[in-house]
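Contents: one structure, followed by commentary.
The values are calculated or read from the model by the stated rules, or taken from the named source; none is laboratory data. Every value quoted in this text rests on a predicted model; they were computed, and no experiment measured them. Methodologically, a virtual Cβ is constructed for each residue, glycine included, from the backbone with ideal geometry; neighbour enumeration extends over all protein chains shown.
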Amino acid sequence: MAWLGFAILALVLWGITGVTQKLSTNRISSLRSFLWFCLAMVALSAIVLVVTPPHWGMATKVVVCSVAGGILNGLGAWASFRALESGGKASIVISLISLFPLLTVVLAVALLHERLTGMQMAGAVVAIAAAIMLSLEPTPPKLDA
Amino acid sequence: MGEASTSRRLPLWLGWSLVTILLWGTWGLVSKIASDGVDAYMNQLLFTVGIAPLLIFVSWKVSKGIPGENRKGRGRGVFWAFLTGILGGLGNMAYFQAMVKGGKASVVTPVTALFPMVTVLLALLFLKERLGRVQWIGLGLAFVAIYLLNA
């Protein structure tokens, strides 16, 4: 179950970014914030390159999928900004976007032939429901004149 | 014209949201395929290569100027954005490592997608934001989901 520890670490780190991103976009535009986000990724990768010597000679499929991961993730972030800028209510857009793991589950089962137990299937559904509910910000109380 | 016809068929925001689901959902799949042949560090390096064209495009957009952007507080805003990138990248590596360690894409991705539970808790503690009833239920369900996915 070593995977779970790393998955929870990712969850915590990405969870913190929810706050730091908000602190950033409270002060600068989402575009500038995204630029510095990407630059930080480059800086981190430069450190990784120095600290852990890269080993080349990987299968083409692996390289293509890794690079595609960056493209898909980056364009996904860009598309989510566009959704918010196109008039979508943040609570609805973010809740809707929270459905993305559902697609990963479907693709992984269909293309990678992954099998889920009944409990895991229920867990995936509950996780998606939880992510949607967490993204629904409470409505501020109406102030009657 | 494009805007009007789009709004009759599919609102623009809905279209972009669906594109996001498609892109991020597929990212989970390709990350698993990549993790079967490369370690988390190398995966992050190649991930950054993938992000580079977007970085160039965004740099170009920013260099043209951002109308209405306030200069006040820019330094702090940049600091938080940079920290977001560092933490996001470290999160990526943990996500890749979870898959390298044998986690299935169909299980790891729903677990990590629960990251708003941490955001919500931190916002509650440090930003003094209030949680709605639905968010509290979501928080409880997030723990149930982790238990079930780990079963």
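Each residue in segment B:84-95 was checked for being more than 7 Å from chain A (Cβ to nearest Cβ) and over 11 Å from A:Leu9 (Cα atoms), and 0 pass.
For segment A:91-112, filtered to residues that are out of contact with any helix residue (DSSP H, G or I) (no Cβ under 6 Å at 6 or more places or on another chain) and in contact (Cβ under 8 Å) with a residue 12 or more places away in the chain, the residue that is farthest from the other protein chains (Cβ to nearest Cβ) is A:Ser91.
Has segment A:18-34 got any residue that is buried (at least 19 other Cβ atoms within 10 Å of the Cβ), within 7 Å of another protein chain (Cβ to nearest Cβ), in contact with a Pro (Cβ under 7 Å, 6 or more places away or on another chain) and part of a helix (DSSP H, G or I)? Scanning segment A:18-34 turns up at least one residue that is buried (at least 19 other Cβ atoms within 10 Å of the Cβ), within 7 Å of another protein chain (Cβ to nearest Cβ), in contact with a Pro (Cβ under 7 Å, 6 or more places away or on another chain) and part of a helix (DSSP H, G or I).
For segment B:21-56, filtered to residues that are farther than 25 Å from A:Ile47 by Cα and buried (at least 24 other Cβ atoms within 10 Å of the Cβ), the residue that is farthest from the chain's Cα centre (by Cα) is B:Leu29.
Against the condition at the interface with chain B (Cβ under 7 Å from one of its Cβ atoms), modelled with pLDDT under 90 and more than 19 Å from the chain's Cα centre (by Cα), how does A:Ser86 come out, does it pass?
Numbers: at the interface with chain B (Cβ under 7 Å from one of its Cβ atoms): yes; modelled with pLDDT under 90: yes; more than 19 Å from the chain's Cα centre (by Cα): yes.
For A:Ser86, the condition - at the interface with chain B (Cβ under 7 Å from one of its Cβ atoms), modelled with pLDDT under 90 and more than 19 Å from the chain's Cα centre (by Cα) - is met.
Here is a yes/no grid of residues against (1) surrounded by fewer than 23 Cβ atoms within 10 Å (Cβ to Cβ); (2) of a type outside the set (S, T, N, Q):
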{"position": "B:Gly89", "(1), (2)": "no, yes"}
{"position": "B:Ser106", "(1), (2)": "no, no"}
{"position": "B:Met117", "(1), (2)": "no, yes"}
{"position": "B:Leu121", "(1), (2)": "yes, yes"}
{"position": "B:Leu127", "(1), (2)": "yes, yes"}
{"position": "B:Arg133", "(1), (2)": "yes, yes"}
{"position": "B:Leu139", "(1), (2)": "yes, yes"}
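Scan segment B:93-104 residue by residue and report those that are in a loop (DSSP other than H, G, I, E, B) and either buried (at least 24 other Cβ atoms within 10 Å of the Cβ) or without any contact (Cβ under 8 Å) to a residue 60 or more places away in the chain (or both). Matches in segment B:93-104: B:Lys101, B:Gly102, B:Gly103. Residues in segment B:23-47 that are more than 7 Å from chain A (Cβ to nearest Cβ) and either in a helix (DSSP H, G or I) or not acidic (Asp, Glu) (or both): B:Ser35, B:Ala40.
Is it the case that segment A:80-90 has a residue that's farther than 26 Å from B:Arg76 by Cα and out of contact with any helix residue (DSSP H, G or I) (no Cβ under 7 Å at 6 or more places or on another chain)? Yes: segment A:80-90 contains one or more residues that are farther than 26 Å from B:Arg76 by Cα and out of contact with any helix residue (DSSP H, G or I) (no Cβ under 7 Å at 6 or more places or on another chain). Considering segment A:99-111, and only residues there that are among the aliphatic types (A, V, I, L, M) and surrounded by 15 or more Cβ atoms within 10 Å (Cβ to Cβ), the residue that is nearest to the chain's Cα centre (by Cα) turns out to be A:Leu99. Considering only segment B:119-137, state which residues are within 7 Å of chain A (Cβ to nearest Cβ), farther than 19 Å from A:Asn26 by Cβ and either at pLDDT 90 or above or not in a loop (DSSP other than H, G, I, E, B) (or both). Scanning segment B:119-137 gives B:Val134, B:Gln135, B:Ile137. Could you tell me which residue of segment A:113-132 is nearest to B:Ser35 (Cα to Cα), considering only residues that are facing chain B (nearest Cβ under 7 Å) and touching a Ser or Thr at 6+ places or on another chain (Cβ under 8 Å)? Per the stated criteria, the residue is A:Glu114.
Scan B:Ala81, B:Ala113 and give me the residue that is facing chain A (nearest Cβ under 7 Å), under 21 Å from the mean Cα position of the chain (by Cα) and closer than 15 Å to A:Ser24 by Cα. Spell out the reasoning first.
Numbers: B:Ala113 fails: closer than 15 Å to A:Ser24 by Cα.
Going through B:Ala81, B:Ala113 in turn, the sole match is B:Ala81.
Looking for something under 25 Å from B:Leu83 (Cβ atoms), facing chain B (nearest Cβ under 7 Å) and buried (at least 19 other Cβ atoms within 10 Å of the Cβ) - is there at least one such residue anywhere in segment A:51-65? Scanning segment A:51-65 turns up no residue that is under 25 Å from B:Leu83 (Cβ atoms), facing chain B (nearest Cβ under 7 Å) and buried (at least 19 other Cβ atoms within 10 Å of the Cβ).
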